[in-house]
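Asks: Here it is, the structure, as structure tokens.
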Amino acid sequence: MTGRPKTTLRDCIYGLAVGDALGVPYEFRPRGTFECADMIGYGTHGQPAGTWSDDTSMTLATCDSIRELGHIDTADMSDKFVSWIARGEYTVDGVFDYGGTTARALRTGKGGSGERDNGNGSLMRIAPLAFTDATDEEISEVSAITHAHRTSTDACIIFVELIRDVMNDVLPSWALHLKGAPEHEIRSGGFVLDTLKAATWCFVNTNSYDECVLAAVNLGDDADTTAAVAGALAGTVYGIEAIPQEWVDTLRGKELIESCLF
């Protein structure tokens, strides 16, 4: 925890996007079968180095809606998510990765509400709400655009609260309890509560932005989303100036990111 006097949305979003881009080449690869030490290209999705995925695209769509309207409007956010998945808006080279629950929700206009609809697809895009005065109910509604089950909506509330806490140099007790927890207890698949726990574990057990996001990618499996969520936390606390400059330079679509910030 650094006690930085003022954290901006920009720190958080660049933290998220860089973490996402670091993890994209390693998505779905089992833990222990690789070691990420830098930002590379290709790999799982065959994308050039610095390319981010649906995590960042949907986060930018969320930001852009708030920027345009000045408040939270789930119908507008949903429209922007459809523009992303159907027409490749908020991407660098088009859509190449998204979850089934998200795709179904955007096709039908109804967020998944079953036990099996608790992937991390709303958690990965919820961070911008920490920089608004969004209530728990509003956070739940934004999650429910795609992920409407209580497990997912509660996870989003907890994560927004966590970002707000770290901006004030505070960690809740549940996060502190992850300090020193062994890696084998940390799951890094697509279940929303696993992602929340894994990202927080990476944050509380490291001391810099790069250590945090590399730890997240190297957990394997859903590497890009774990690193995006962890990167949102680490970017918020350490600031964009703490992200290795080479990674920022390699990151693609920076003009698009800047255009969506509020």
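The values are calculated or read from the model by the stated rules, or taken from the named source; none is laboratory data. Note that the coordinates shown come from a computational prediction; the quantities given were computed from them, not determined experimentally. Neighbour counts run over all protein chains shown; Cβ positions are idealised from the backbone, glycine included.
Asks: Residues being over 18 Å from the mean Cα position of the chain (by Cα) and among the acidic types (Asp, Glu): count how many of those fall in segment 98-121.
Replies: Qualifying residue count for the region: 1.
Asks: Can I ask one more? When Ile72 is evaluated against the numbered criteria (1) at pLDDT 95 or above; (2) under 19 Å from the mean Cα position of the chain (by Cα); (3) surrounded by fewer than 21 Cβ atoms within 10 Å (Cβ to Cβ); (4) over 27 Å from Thr135 (Cβ atoms), which criterion, by number, is the only one it fails?
Replies: (4)
Asks: Right, something else. Only one of Thr195, Thr200 is closer than 23 Å to Gly121 by Cα, without any contact (Cβ under 8 Å) to a residue 40 or more places away in the chain, surrounded by 21 or more Cβ atoms within 10 Å (Cβ to Cβ) and among the polar types (S, T, N, Q); which?
Replies: Answer to the check: Thr200.
Asks: Please verify whether segment 3-18 includes one or more residues that are among the acidic types (Asp, Glu), surrounded by fewer than 23 Cβ atoms within 10 Å (Cβ to Cβ) and under 21 Å from Ile243 (Cα atoms).
Replies: Checked against the condition, which is being among the acidic types (Asp, Glu), surrounded by fewer than 23 Cβ atoms within 10 Å (Cβ to Cβ) and under 21 Å from Ile243 (Cα atoms), segment 3-18 yields no hits at all.
Asks: Can you find, within segment 160-192, the residue that is surrounded by the most Cβ atoms within 10 Å (Cβ to Cβ) among those that are assigned to a loop (DSSP other than H, G, I, E, B) and among the charged types (D, E, K, R)?
Replies: Arg187
Asks: Any residue at all in segment 41-62 that's under 29 Å from Thr250 (Cβ atoms), β-branched (Val, Ile, Thr) and free of Cβ contacts under 8 Å to residues at least 24 places away in the same chain?
Replies: yes
Asks: Could you tell me whether Tyr42 is among the aromatic types (Phe, Trp, Tyr), surrounded by 15 or more Cβ atoms within 10 Å (Cβ to Cβ) and either modelled with pLDDT of 95 or more or touching a helix residue (DSSP H, G or I) at 6+ places or on another chain (Cβ under 9 Å) (or both)?
Replies: Spelling it out, it is not the case that Tyr42 is among the aromatic types (Phe, Trp, Tyr), surrounded by 15 or more Cβ atoms within 10 Å (Cβ to Cβ) and either modelled with pLDDT of 95 or more or touching a helix residue (DSSP H, G or I) at 6+ places or on another chain (Cβ under 9 Å) (or both).
To keep it simple, each residue is scored yes or no on (1) under 30 Å from Asp169 (Cα atoms); (2) of a type in the set (Phe, Trp, Tyr); (3) in a loop (DSSP other than H, G, I, E, B); (4) free of Cβ contacts under 8 Å to residues at least 40 places away in the same chain.
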site: Leu16; (1), (2), (3), (4): yes, no, no, no
site: Gly19; (1), (2), (3), (4): yes, no, no, no
site: Ser65; (1), (2), (3), (4): yes, no, no, yes
site: Glu89; (1), (2), (3), (4): no, no, yes, yes
site: Gly94; (1), (2), (3), (4): no, no, yes, yes
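Asks: Could you please find all residues in segment 203-215 being buried (at least 24 other Cβ atoms within 10 Å of the Cβ) and either closer than 15 Å to Leu162 by Cβ or over 13 Å from the mean Cα position of the chain (by Cα) (or both)?
Replies: Those that are buried (at least 24 other Cβ atoms within 10 Å of the Cβ) and either closer than 15 Å to Leu162 by Cβ or over 13 Å from the mean Cα position of the chain (by Cα) (or both): Phe203, Tyr209, Cys212.
Asks: Counting only residues that are in contact with a Phe, Trp or Tyr (Cβ under 9 Å, 6 or more places away or on another chain) and either aliphatic (A, V, I, L, M) or farther than 23 Å from Met167 by Cα (or both), how many does segment 228-246 have?
Replies: Selection size over segment 228-246: 10.
Asks: Give segment 160-190 a look and list any residue that's touching a residue at least 40 places away in the same chain (Cβ under 8 Å) and touching an Asp or Glu at 6+ places or on another chain (Cβ under 9 Å), or say none.
Replies: Within segment 160-190, Leu171, Ser188, Gly190 meet the criteria.
Asks: I've got another one for you. Can you name the residue in segment 122-143 that is without any contact (Cβ under 8 Å) to a residue 60 or more places away in the chain and of a type outside the set (S, T, N, Q) and is also surrounded by the most Cβ atoms within 10 Å (Cβ to Cβ) among such residues?
Replies: Only one residue fits best here, namely Ile139.
Asks: While we're on this one: Collect the residues in segment 110-139 that are of a type in the set (Lys, Arg) and within 16 Å of Thr236 (Cα to Cα), keeping them in residue-number order.
Replies: The one that is of a type in the set (Lys, Arg) and within 16 Å of Thr236 (Cα to Cα): Arg125.
Asks: Does segment 96-115 hold any residues that are at pLDDT 95 or above and either surrounded by fewer than 24 Cβ atoms within 10 Å (Cβ to Cβ) or part of a loop (DSSP other than H, G, I, E, B) (or both), and which are they?
Replies: Hits for segment 96-115 are Ala103, Arg104, Leu106, Arg107, Thr108, Gly109, Lys110, Gly111, Ser113, Gly114, Glu115.
Asks: Pick from segment 144-159 the residues that are farther than 15 Å from Met77 by Cβ and touching a residue at least 24 places away in the same chain (Cβ under 8 Å): which of them is surrounded by the most Cβ atoms within 10 Å (Cβ to Cβ)?
Replies: In this case the residue turns out to be Ser152.
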